[in-house]
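Visitor: Quick one: the structure is below, and I'll ask about it shortly.
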Amino acid sequence: MGWLFLKVLLAGVSFSGFLYPLVDFCISGKTRGRKPNFVIILADDMGWGDLGANWAETKDTANLDKMASEGMRFVDFHAAASTCSPSRASLLTGRLGLRNGVTHNFAVTSVGGLPLNETTLAEVLQQAGYITGMIGKWHLGHHGSYHPNFRGFDYYFGIPYSHDMGCTDTPGYNHPPCPACPQGDGPSSNLQRDCYTDVALPLYENLHIVEQPVNLSSLARKYAEKATQFIQQASTSGRPFLLYVALAHMHVPLPVTQLPAAPWDRRLYGAGLREMDGLVGQIKDKVDHTAKDNTFLWFTGDNGPWAEKCELAGSVGAFTGVWQARRGSSS
C-alpha cells in the first residue's frame with residue numbers, strides 16, 4: 001500500500017474505506033506551531049450508499065452530509081480488509097494484514113491480538129505528548145497486554161469485540177435473531193446458530209468491566225457522553241489529543257432505541273442510521289465548540305455492509321458486485 005501525501009486546511013471527512021494518510025499539515029493563523037488534534041470516527045459495517053452525501057435514495061445522515069459539504073471528501077479510498085479485526089489493525093498501524101499479522105477476526109476465546117511488536121498510531125502520538133482516548137469496539141485482543149490501555153490509549157471505554165459476540169439484555173434485530181442472556185442460573189437451550197450465549201458482552205472503562213451484559217439500547221448515548229467528556233477534558237488540559245471512536249453502528253444486531261412503525265423493513269436500518277448520525281453530530285458539535293480551529297475530524301467505515309443480513313444491512317450504492325447481482329437467483 002502506498003502512502004497518501006495530503007495537504008489540508010479544513011477538517012476532512014472520508015466516506016469509504018481505509019484512511020491512514022501521511023499528512024503535510026498546513027495550519028494557519030493562531031494555530032500555527034501547535035500540534036493538531038485528531039478525532040477518528042469509524043463506522044462498523046456501514047454501506048457506501050447509506051450516506052446522503054453519496055447520493056443515497058433516503059436522507060438519514062443530515063450531520064454527516066453537512067460535514068461532507070463543509071469539509072473534504074475522499075471517495076476513492078478502500079478498506080484494507082473485508083472484516084473487522086484486520087481493517088482496524090491496518091487503521092491503527094498503517095500496514096496491511098499480511099504485514100501486521102492480523103488476517104482474521106479475533107474471537108471471544110482468542111488469547112492473542114494485534115502483535116505486540118506492532119506500533120499503533122496512538123503509541124506514536126502518546127510519545128509525542130498527546131492525550132489519547134479510544135471509545136467503542138476494539139476487537140484487537142482483550143487479554144493482558146493486548147488491551148487498548150497497553151496499546152497507546154490513556155483512556156478506554158467500550159466493548160472488546162463485536163456486539164454480536166456475547167449475549168446482552170437487549171439483543172436488538174438480527175438474522176438469525178439471538179435471544180437475550182439467560183436469566184438466573186438455568187442452562188441455555190434451543191439457541192440459534194451463530195448466537196454467542198456462553199459469555200455476556202462486557203463493557204469496559206479502562207481495565208474494569210463496568211457493565212455485563214451490555215444494555216445495547218443505551219450504548220450510543222454512553223459513547224456520546226464519554227466522547228464529549230474526553231474532548232472537553234483534553235481541550236481544557238491544553239495538550240493535543242487523539243480520540244478514536246469505533247462505533248457499534250451499523251453492525252447487527254441493530255439496537256434501535258426508537259423503533260419505526262414497521263420494524264422489519266428498510267425503515268429499521270434507517271432508524272439506526274439516524275441514531276448513528278446523531279451520535280456523530282454530538283461529537284462534531286463538541287469539537288466545534290472547543291477545538292475546531294486545530295482539530296482534524298475524520299469519518300470512515302471499516303469494510304462495507306454485511307450483505308447477508310439483507311434488510312438489516314447497508315447499501316453498497318453503485319458498487320454492486322457479482323454476489324449481490326446474483327443474490328436470489330437459482331444459479
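The values are calculated or read from the model by the stated rules, or taken from the named source; none is laboratory data. Please read these numbers as outputs of a predicted model, since none were measured by experiment. Cβ sites come from the backbone with ideal geometry, for glycine too, and all protein chains shown count toward neighbours.
Visitor: Which of the residues spanning the range 73-89 are among the aliphatic types (A, V, I, L, M) and surrounded by fewer than 16 Cβ atoms within 10 Å (Cβ to Cβ)?
Guide: 75
Visitor: Taking interchain pairs and intrachain pairs at least six residues apart, which have beta carbon atoms under 6 angstrom, with the first residue in the range 194-211 and closer than 15 Å to residue 142 by Cβ and the second modelled with pLDDT of 80 or more and hydroxyl-bearing (Ser, Thr, Tyr)?
Guide: Sorted first by the residue in the range 194-211, then by its partner, the pairs are 201/168; 206/156.
Visitor: Any chance you could count how many residues in the range 43-80 are over 30 Å from residue 293 (Cβ atoms) and over 19 Å from the mean Cα position of the chain (by Cα)?
Guide: The qualifying residues number 4.
Visitor: Would you call residue 116 assigned to a helix (DSSP H, G or I) and at pLDDT 95 or above?
Guide: So residue 116 fails the test.
Visitor: For the range 62-84, give me each residue that is outside any helix (DSSP H, G or I) and either closer than 20 Å to residue 278 by Cα or not aromatic (Phe, Trp, Tyr) (or both).
Guide: 71, 72, 73, 75, 76, 78, 79, 80, 81, 82, 83 - these are the residues of the range 62-84 that are outside any helix (DSSP H, G or I) and either closer than 20 Å to residue 278 by Cα or not aromatic (Phe, Trp, Tyr) (or both).
Visitor: If you take the residues of the range 173-197 that are of a type in the set (S, T, N, Q) and surrounded by 14 or more Cβ atoms within 10 Å (Cβ to Cβ), which of them is modelled with the highest pLDDT?
Guide: Among those residues, the one meeting the criterion is 174.
Visitor: Still on this structure, I have one more. What is the one condition in (1) in contact with a Pro (Cβ under 9 Å, 6 or more places away or on another chain); (2) at pLDDT 95 or above that residue 167 does not satisfy?
Guide: With respect to (1) in contact with a Pro (Cβ under 9 Å, 6 or more places away or on another chain); (2) at pLDDT 95 or above, residue 167 is out only on (2).
Visitor: Within the range 124-172, which residues are hydroxyl-bearing (Ser, Thr, Tyr), under 25 Å from residue 254 (Cα atoms) and surrounded by fewer than 21 Cβ atoms within 10 Å (Cβ to Cβ)?
Guide: Within the range 124-172, 170 is the sole residue that qualifies.
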